[in-house]
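The values are calculated or read from the model by the stated rules, or taken from the named source; none is laboratory data. This one's a predicted model, so the numbers in the text were calculated from it and none came from an experiment. Don't worry about glycine lacking a Cβ; one is built from the backbone with ideal geometry, like all the others, and counts go over all protein chains shown. The accessibility values were calculated without ligands, DNA or RNA, using every heavy atom of the protein model including side chains. Shrake-Rupley method; radii C 1.70, N 1.55, O 1.52, S 1.80 Å.
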Amino acid sequence: MQERRVLSIQSHVVRGYVGNKSAVFPLQVLGFEVDSINSVQFSNHTGYAHWKGQVLTAEELNVLYEGIKLNNVHHYDYILTGYSRDTSFLETVVDIIKELKKANPGLVYVCDPVLGDQGAMYVPENLLPVYKNKVVPLADILTPNQFEAELLTGRTIRTAADAVQVMDLLHDMGPETVVLTSTDLLSKHGDQFLVALGSQKIKKADGTRVSQKIWMDIPKVDAVFVGTGDLFAAMLLAWTHHHPADLKTACEKTASVMHHVIQRTIAYANEMAGPGKRPSPAQLELRMVQSKADIENPATVVRAELLETSVH
Amino acid sequence: MECRVLSIQSHVVRGYVGNKSASFPLQVLGFEVDSINSVQFSNHTGYSHWKGQVLTADELHVLYEGIKLNNVHHYDYVLTGYTRDTSFLEMVVDIVQELKRANPNLVYVCDPVLGDHGSMYVPQNLYPVYKNKVVPVADIITPNQFEAELLTGKNISTQKDAVEVMDLLHAMGPDTVVITSSDLPPRLGDRFLVSLGSQRHVRPDGSRTTQRVRIEVPKVDAVFVGTGDLFAAMLLAWTHHYPNDLKTACEKTFSVMHHVIQRTISYAHDLAGPGRRPSPPQLELRMVQSKADIEDPAIVTEATVIS
């Protein structure tokens, strides 16, 4: 099996599945070597009644990276980042990625540009210019939700055509692969579904260009999950690795594994909570280790439709 | 199986020691693993360079408080390994004692890392903390010969000595003791080393019985790091599945160690090239590649029951 090494810079929680806890195990299960820098160590995610812990400073991040570099083992095939609250930390991440790309020009940076959702930012506002001007230009694969895509491009999405235009604008900013992980667009299956879209503009080694745009109708679940975005980005990394010029298949696998994990999680959470009671954050933690078989080989339960495709 | 482990060990960005060595295999075996990282280093300290940060005893306490405030401080197992700081270790003891009050059936698996081959490689003042506070609350311990001798004050020259030392360790607290490696002469020749295990049970009628086993393990001509952490994690898993059968638990644990080590040394030699000694990065355990062996280890080492 070909050796592939990921550097993942995300949060660590003692209990539960967000950040690196959400991304590392599934990637390891799929055979990736994962080096992980924990940007924070908290007892649990911040949706619980209480949370406590410590954060890594930009300086401390740099020290860890220096250790890797001094040993000449700073060679990665992928970098993966997600939720960040600190501009100097994010800027240090950018510097590290630039250096790692110099060490390996084939490196793929998978970036979840976490800014907010449902019309409101939930990170400090001064992160937006850093993402827009420094992070997104370096990214190869981007997984914004509708709000983040609108924020980064300054455009509003009301129709499928708007979404396609926004994805093209994001391509122009840098990433060859963009997935709008959730939107308010109307699904033809009704309001129990949400719409996700993807776009890929790849230039292959032989010089041909491949372009693909896809549409996915994804079943909604009536619960608030935490860590699902982190799992999505990690699994998109894995499945685009296996299907580098076929976004349709990569997205079907990714959305399908999300579905299996979420279904198992909500079933267990409802059981734990009891009839008629809403499950708590602790009960809604992703059933990650229990979903190993689905992670390894997800049965396709979500299909993507091609909106347009071209090869030239 | 709903089984939750709290593992308090090191984290390295790259490689497999501490929590990096213990978490993945336990998760692969279906355990829920909560992990507190006692340090975050770039890599283990056997490389030419290493850099990073340590967690203080206070910071450990803060993390535990978060867990407790949410009322999710319920564990079936606690797992600890390499520590360099006495106040940190004492905080771990306080946490284990509180967790045992919350769940009296909690099993504390402790690797009492003090040293090897006749010398200590942690600060000396950890020794009384292990002896007087940690080992008494442990249920399963995995000392090497040096650590077993240090903790009991008794030398091991024969198998009979080893059995006596394990009985002394039982008397200090743990019902399960595995001496992970010793200098005892192997029957299978000098390409092997001898490990021993002892498990004390109380029968329904109140009487005590002890199962003792001897395992001869193939030696490998290389220095591995993280193998002790993997061993303790896998002993946790296999004694969970075989709580009254130390023979089988040890056979599974030593077998998975063998598969991982063989895969690792083979790969390391490939990378290093003919006639060259592999480097620490090249010798990192082939953990993710060993998933199938971790899930279902083919038995390649046999444990003999000894009296």
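For this structure, a couple of remarks:
- Remark: relative contact order (region B:201-307) = 38 percent; criterion is Cα-Cα distance under 8 angstrom and separation of 6 or more residues.
- Partners for B:Lys252 among aspartates and glutamates (Cα-Cα distance below 17 Å; same-chain residues under 8 apart left out): B:Glu216, B:Asp229, B:Asp293, B:Glu295, B:Asp296, B:Glu302
- For region B:121-260, Kirkwood radius (reciprocal of mean inverse C-alpha pair distance, Å): 15.6
- Electrostatic dipole magnitude of region B:128-191 [Cβ: Lys, Arg +1; Asp, Glu -1; Cα centre; debye, to 20]: 60
- Shielding by partners, peptide A:287-300 (average Cβ within 10 angstrom, other chains): 2
- Low-density loop positions, chymotrypsin sites (Phe, Trp or Tyr not before Pro), region B:72-137 - DSSP coil, at most 16 other Cβ in 10 Å: B:Tyr121
- Restraint check, A:Lys220/B:Lys291; A:Lys52/B:Lys20; A:Lys101/B:Lys51, Cα-Cα greater than 25 Å: A:Lys220/B:Lys291
- Distance from the Cα centroid of region A:18-91 to that of region B:213-265 is 30 Å (rounded to whole angstrom).
- Positive-end extreme of charge dipole, chain B - chosen from B:Ser35, B:Asn70, B:Val225 (charges on Cβ): B:Val225
- Heavy-atom surface analysis with a 1.4 Å probe gives region A:118-277 a carbon and sulfur content of 52 percent of its accessible area.
- Relative contact order for chain B, counting Cα pairs under 8 Å that sit 6 or more residues apart, in percent: 16
- Ordered from longest to shortest, the equivalent ellipsoid semi-axes for region A:4-311 are 27, 26, 19 Å, each the square root of 5 times a Cα gyration tensor eigenvalue.
- Antiparallel bridges, percent of DSSP beta bridges restricted to region B:2-304 (to nearest 5): 55
- Positive-end extreme of charge dipole, the protein assembly as shown - chosen from A:Ile214, B:Thr264, A:Tyr78 (charges on Cβ): B:Thr264
- Taking the Cα centre of the protein assembly as shown as origin and assigning +1 to Lys and Arg Cβ atoms and -1 to Asp and Glu Cβ atoms, the resulting dipole is close to 500 debye.
- Once divided by 2.2 N^0.38 Å, the Cα radius of gyration of chain B becomes 0.96.
- For region B:154-193, the mean projected area of the C-alpha convex hull, equal to one quarter of the hull surface, is 3.1 nm².
- Charge-dipole axis of the protein assembly as shown as Lys and Arg at +1 and Asp and Glu at -1 on Cβ define it, positive-most pick from B:Pro186, A:Asn297, A:Gln192: B:Pro186
- Neighbouring Cβ atoms from other chains, within 10 Å of the Cβ of residues in A:29-36, number 5 on average.
- Based on Cα contacts under 8 Å between residues 6+ apart, chain A shows a relative contact order of 16 percent.
- For region A:57-104, heavy-atom accessible area (probe 1.4 Å) falls by no less than 40 Å² from the chain alone to the full protein assembly at A:Val63, A:Leu64, A:Ile68, A:Leu70, A:Asn71, A:Val73.
- Cβ-based net charge around B:Asp161, under 12 Å, with every Lys or Arg adding one and every Asp or Glu removing one: -2
- Under 19 Å from the Cα of A:Lys204 - aspartates and glutamates, other chains or at least 8 residues apart: A:Asp77, A:Asp140, A:Asp168, A:Asp172, A:Glu176, A:Asp246, A:Glu308
- Between B and A, accessible area buried - total, square angstrom, nearest 100, 1.4 angstrom probe: 4000
- Under DSSP loop assignment and at most 16 Cβ neighbours within 10 Å, longest trypsin sites (Lys or Arg not before Pro)-free interval of chain A: A:1-84
- Measure of compaction for region B:221-293 (Cα Rg per 2.2 N^0.38 Å): 1.23
- Where Rh is the Kirkwood radius over Cα pairs, Rg/Rh for the protein assembly as shown: 0.99
- GNM flexibility winner over chain A from A:Ala223, A:Ala255, A:Ala120 (Cα, springs under 10 Å): A:Ala120
- Region B:2-304, dipole about Cα centre (Lys/Arg Cβ +1, Asp/Glu Cβ -1), debye to the nearest 20: 440
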